[in-house]
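Visitor: Pasting a structure below so you can have a look.
The values are calculated or read from the model by the stated rules, or taken from the named source; none is laboratory data. Bear in mind the structure is a predicted one, so any value in this text is a computation, not a measurement. So basically every Cβ, Gly included, is an ideal-geometry build from the backbone, and we count neighbours across all protein chains shown.
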Amino acid sequence: MNSYRNRPEAIQALVQEDRVHRDLYLSDELFALEQERLFANTWLYVGHTSQVPNPGDYWSLELAGRPVMMVRQADGVVRVLYNRCAHKGSRLVSDESGNTGKFFRCPYHAWTYRLDGAPLALPLKAAYADTRLTECESGRGLVPLAQVEIYREFVFARISGTGPDFKTYFGEVLGAIDNMVDRSPEGRLTVGGGVLRNVMQCNWKMYLENINDTVHPMSTHESATRAAADLWQGHAADEPKPMAMEQMLPFGAGYDFFDKMGGRVFANGHSVLGVHFSIHSNYAQLPEYEAALRAAHGEQRAADILQRSPQNSVFFPSLSVKGSPQAIRVIRPLAADRTLIEAWSFRAAGAPDLLFERAMSYNRLVFSPMSVLAHDDVHLFESMQRGLRADGNEWVSLHRNFDPSELAHPTLTTNGTNELLMRNQFRAWAKYMALTDVAPV
Amino acid sequence: MMVALDFIVAEAALLDSGRFDDWLALFAADGHYWVPLLGAAQVDPLSHQSIAFDDRLLLQLRIDRLKNPRAHSQHPKSHCQHVLQRSVVESNDPATGEVTLRTPFIYIEARGDDQVLLAGTCRHRLTRGPDGLLIRQKRIDLLNPQRALPAIQLFI
């Protein structure tokens, strides 16, 4: 295997304009470099503020291999701190979530910290009087993430202290979060029903690419969509469908449907798939809910919000959003060949329970470890992880609809089956893998 | 009560031998198969997420899918083994004919060189049909349902 650490040009050579090298998926060294460079220099999704509703509430997780926690402060603000005692490195909390009260207390030697991480007290204080503890990192308390941004209650952080600010980094794709939140007549979402967690033996980029892959459902999901279509055969087209049928049957739509839904790419790897319509566009209408939305937003804006239901909006490299159903997926890379996927459902304040049921039903059918559809996806990701070790072809093709003029346009709307949405992710990958320094806090 | 205890053993044996159509026939028309995400702590299937919550239609869909040669994830095929502890009858209502039982289990699902090992307690709500007992609800409370799980392709 090549050595990439000190050869930036070798990393850049892995991403050609119409294909990528297999080492992006297979190399342990590149995965380590992704943790240092790509994930440190991009804005990553941490969580939703509704996971920590009350002062003292925390939610702990690993962000690009680093232990972090969201903490609700006494004044209501949510902060993101490293979950690491300043003394010897123990995590302050080891439950995933809970309430720490008014301060954190390390279980090892009882060093304590305020909710914002400032040092509070430690035993045998006099013994430190003549030492340089207060001058070094260990005397400064818990370290906050370098950059944190809360956008409409969605919490993002960046490990590096330098780089594009949040709005510049995400740009137009933030509209996908707006759409999701605006579907609440009260403009407020809360996470609901817990999180489905699925672990698979494949590289995270296979999963992220597949979120924009409109050509796989017809062949990959043939067994599930065929079974659904056969079971529903004989029912009139306008007959109300059980929710599971309503959500599964559109997966069988043909190449033409997926091509015409359209896609749009943005700088830094982000995208919206299904700019014109998607498999989510024809869910049963809910007159009372739509009236509530019109009352909240006005006729025109309510119509705009409701007609927009993209397939997936990708916030490169860690988040994929669906406005309808109200569901997100979080991509948590664990190793070159191991990826954790989380599926979260949202409740929209002021909307009927049916919307929340749709979110949970969709996540359960499509993203649960016992999903009806995902087994075939996961099987194929794991199959590629093994197949790519073959000799004779070290490249993964992304040629579909490649046009050299696309290189000059960071923002572009295109047909839905154009692999531009994937090429765009890899161009961002190369860009952020070229940043060798993580700036200090 | 022996009938109900034997029913539980026979139900698992149908799954372990891959006789999914025969297994589905054990469910009442309004029967459900449910794997709550909170395990034993979960109150109902709608206020919180579930790993699976299937009515007969969805169970039929899963079974039909497994029969399709293009169910790619079934190459190689999955096989399962239920190891059951003796069931305990939790309630028995002669008026309605409804019996509830709890059955601690270990479940192994094997595919190729990999296998998944799960433990938990199964809770059956059985009712009397014209030809014997039927499942109103099969609820599976996993030991640690909130952990990151690999694909579980058959039926616990």
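Visitor: Consider only pairs whose beta carbons are under 6 Å apart and that are at least six residues apart or on different chains; among these, list those whose first residue lies in the range A:364-386 and is assigned by TED's automatic domain parsing to the domain that holds residue A:339 and hydroxyl-bearing (Ser, Thr, Tyr) and whose second residue is crowded, with 22+ Cβ neighbours inside 10 Å and not in a loop (DSSP other than H, G, I, E, B).
Guide: Hits for this filter: A:368/A:196; A:368/B:51.
Visitor: Can you pull out every residue in the range B:137-154 that is at the interface with another protein chain (Cβ under 10 Å from one of its Cβ atoms), among the aliphatic types (A, V, I, L, M) and part of a loop (DSSP other than H, G, I, E, B)?
Guide: B:148, B:151, B:152, B:154
Visitor: Restricting attention to the range A:189-205, does a residue exist that is aliphatic (A, V, I, L, M), over 30 Å from residue B:144 (Cα atoms) and more than 12 Å from every other protein chain (Cβ to nearest Cβ)?
Guide: No, there is no match, as no residue in the range A:189-205 is aliphatic (A, V, I, L, M), over 30 Å from residue B:144 (Cα atoms) and more than 12 Å from every other protein chain (Cβ to nearest Cβ).
Visitor: Exactly one of (1) touching a helix residue (DSSP H, G or I) at 6+ places or on another chain (Cβ under 8 Å); (2) within 14 Å of chain B (Cβ to nearest Cβ); (3) not in a strand (DSSP E or B) is unmet by residue A:235. Its number?
Guide: Going through (1) touching a helix residue (DSSP H, G or I) at 6+ places or on another chain (Cβ under 8 Å); (2) within 14 Å of chain B (Cβ to nearest Cβ); (3) not in a strand (DSSP E or B) one by one, residue A:235 breaks only (1).
Visitor: Continuing with the same structure: Which one is surrounded by the fewest Cβ atoms within 10 Å (Cβ to Cβ) among residues in the range B:25-73 that are within 9 Å of chain A (Cβ to nearest Cβ) and of a type in the set (Gly, Ala, Ser)?
Guide: B:47
To keep it simple, each residue is scored yes or no on (1) out of contact with any Cys (no Cβ under 9 Å at 6 or more places or on another chain); (2) in a loop (DSSP other than H, G, I, E, B); (3) modelled with pLDDT under 95; (4) farther than 17 Å from residue B:101 by Cβ.
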site: B:3; (1), (2), (3), (4): yes, no, yes, no
site: B:7; (1), (2), (3), (4): yes, no, no, no
site: B:14; (1), (2), (3), (4): yes, no, no, no
site: B:22; (1), (2), (3), (4): yes, no, no, yes
site: B:30; (1), (2), (3), (4): yes, no, no, yes
site: B:46; (1), (2), (3), (4): yes, yes, yes, yes
site: B:64; (1), (2), (3), (4): yes, no, no, yes
site: B:69; (1), (2), (3), (4): yes, yes, no, yes
site: B:73; (1), (2), (3), (4): yes, no, no, yes
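Visitor: Please verify whether residue A:155 is within 29 Å of residue A:87 (Cβ to Cβ) and surrounded by 19 or more Cβ atoms within 10 Å (Cβ to Cβ), treating the condition exactly as stated.
Guide: Answer is yes for this residue.
Visitor: Out of (1) within 27 Å of residue A:93 (Cα to Cα); (2) at pLDDT 95 or above, the odd one out for residue A:134 is which?
Guide: It is condition (2) that residue A:134 fails.
Visitor: Can you confirm whether the range A:223-239 contains a residue that is surrounded by 18 or more Cβ atoms within 10 Å (Cβ to Cβ), in contact with a strand residue (DSSP E or B) (Cβ under 9 Å, 6 or more places away or on another chain) and either closer than 28 Å to residue A:45 by Cβ or among the hydroxyl-bearing types (Ser, Thr, Tyr) (or both)?
Guide: No; the residues of the range A:223-239 include none that is surrounded by 18 or more Cβ atoms within 10 Å (Cβ to Cβ), in contact with a strand residue (DSSP E or B) (Cβ under 9 Å, 6 or more places away or on another chain) and either closer than 28 Å to residue A:45 by Cβ or among the hydroxyl-bearing types (Ser, Thr, Tyr) (or both).
Visitor: Would you be able to say whether some residue in the range A:99-112 is closer than 26 Å to residue A:342 by Cα and in contact (Cβ under 8 Å) with a residue 12 or more places away in the chain?
Guide: Yes, there is a match, as at least one residue in the range A:99-112 is closer than 26 Å to residue A:342 by Cα and in contact (Cβ under 8 Å) with a residue 12 or more places away in the chain.
Visitor: Return yes when residue A:120 is crowded, with 17+ Cβ neighbours inside 10 Å, in the same structural domain as residue A:82 (by TED's automatic domain parsing) and closer than 23 Å to residue A:58 by Cβ and no when it is not.
Guide: Spelling it out, it is not the case that residue A:120 is crowded, with 17+ Cβ neighbours inside 10 Å, in the same structural domain as residue A:82 (by TED's automatic domain parsing) and closer than 23 Å to residue A:58 by Cβ.
Visitor: Among the residues of the range A:122-139, are any assigned to a strand (DSSP E or B) and free of Cβ contacts under 8 Å to residues at least 12 places away in the same chain?
Guide: Checked against the condition, which is being assigned to a strand (DSSP E or B) and free of Cβ contacts under 8 Å to residues at least 12 places away in the same chain, the range A:122-139 yields no hits at all.
Visitor: Out of all the residues in the range A:21-39, is one or more over 20 Å from the mean Cα position of the chain (by Cα), hydroxyl-bearing (Ser, Thr, Tyr) and buried (at least 17 other Cβ atoms within 10 Å of the Cβ)?
Guide: Yes, because at least one residue in the range A:21-39 is over 20 Å from the mean Cα position of the chain (by Cα), hydroxyl-bearing (Ser, Thr, Tyr) and buried (at least 17 other Cβ atoms within 10 Å of the Cβ).
Visitor: Here's another thing I want to ask about it. If I filter the range B:34-48 for residues that are under 15 Å from the mean Cα position of the chain (by Cα) and of a type in the set (D, E, K, R), do I get at least one hit?
Guide: No, every residue in the range B:34-48 fails to be under 15 Å from the mean Cα position of the chain (by Cα) and of a type in the set (D, E, K, R).
Visitor: Is it true that some residue in the range A:190-207 is part of a helix (DSSP H, G or I) and of a type in the set (A, V, I, L, M, F, W, C)?
Guide: Among the residues of the range A:190-207, at least one is part of a helix (DSSP H, G or I) and of a type in the set (A, V, I, L, M, F, W, C), which makes the answer yes.
Visitor: While we're looking at this one, here's another question. Can you tell me which residue among A:219, A:223 is among the hydroxyl-bearing types (Ser, Thr, Tyr), within 12 Å of chain B (Cβ to nearest Cβ) and more than 28 Å from residue B:37 (Cα to Cα)?
Guide: The match here is A:219.
Visitor: Related question: For the range A:208-220, check the following and say yes or no: at least one residue is more than 24 Å from the chain's Cα centre (by Cα) and not in a strand (DSSP E or B).
Guide: yes
Visitor: Just to check your reading of the model, which residue among A:80, A:20 is assigned to a strand (DSSP E or B) and either at pLDDT below 95 or under 30 Å from residue A:402 (Cα atoms) (or both)?
Guide: A:20 is the lone residue from the list that is assigned to a strand (DSSP E or B) and either at pLDDT below 95 or under 30 Å from residue A:402 (Cα atoms) (or both).
Visitor: Mind checking which residues of the range A:406-432 are among the hydroxyl-bearing types (Ser, Thr, Tyr) and out of contact with any Leu (no Cβ under 9 Å at 6 or more places or on another chain)?
Guide: Scanning the range A:406-432 gives A:411, A:413, A:417.
Visitor: A follow-up question, please. Any chance you could count how many residues in the range B:73-101 are within 19 Å of residue B:3 (Cβ to Cβ) and over 20 Å from the mean Cα position of the chain (by Cα)?
Guide: Result for the range B:73-101: 6.
Visitor: Here is a further query. Among the residues of the range A:414-424, is any loosely packed, with under 14 Cβ neighbours inside 10 Å and either away from chain B (no Cβ under 14 Å) or charged (D, E, K, R) (or both)?
Guide: No, that holds for no residue.
Visitor: Kindly state which strands (runs of 3 or more DSSP E) lie completely within the range A:293-402 and contain at least 3 residues that are away from every other protein chain (no Cβ under 14 Å).
Guide: A:312-315, A:319-322, A:395-397
Visitor: Read through the list (1) in a helix (DSSP H, G or I); (2) aromatic (Phe, Trp, Tyr); (3) closer than 25 Å to residue A:357 by Cα, then give the number of the only condition that residue A:258 fails.
Guide: (3)
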